[in-house]
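Any read-out appearing in this document is the output of simple, stated calculations on the displayed coordinates, not a laboratory observation. The structure displayed is predicted, hence computed values, not measured ones. Cβ placement follows ideal geometry from the backbone for every residue including glycine, while neighbour counts extend to all protein chains displayed.
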Amino acid sequence: MTGVSIALLAGTVSTILFASSAMPMVIKAVRTRDLKSYSPANLVLANVGNAVHCIYVVHLPPGPIWALHGFYVVTSAVMLLWWLRYHTGYHARYQATHRGVARDERRLA
């Protein structure tokens, strides 16, 4: 195995590991829409960092780093958008409304 193929293999394995490590938080956010534990400053800085890092990545040859960076760009942006959407009270109002409806239905039954 040449040095280049070892580096490509290592990049591919690390990309899979890093992306896999982030998937539980993304899946939990999708399922629960509970993003209270996420820091808005961290989400904003991650997105700014990804934007700046794009300058570096686009100058590299296509490979695992492009896949990993693309994954981080998408997940960071989606998490920030979800944080903004669900933190503004929409989700809390939705849950309160539906809990109230369920309570009223039980009372009427």
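Sort out which residues of the range 32-71 are among the small types (Gly, Ala, Ser), in contact with a Ser or Thr (Cβ under 7 Å, 6 or more places away or on another chain) and under 19 Å from Thr12 (Cα atoms), and write them in order of number.
If the condition is that a residue be among the small types (Gly, Ala, Ser), in contact with a Ser or Thr (Cβ under 7 Å, 6 or more places away or on another chain) and under 19 Å from Thr12 (Cα atoms), then Ala67 is the only one that fits.
Take Lys28 and tell me if it is closer than 15 Å to Tyr86 by Cα and in a helix (DSSP H, G or I).
When the stated conditions are applied, Lys28 passes them.
Restricting to the range 1-60, what's the tally of residues that are in contact (Cβ under 8 Å) with a residue 40 or more places away in the chain and small (Gly, Ala, Ser)?
5
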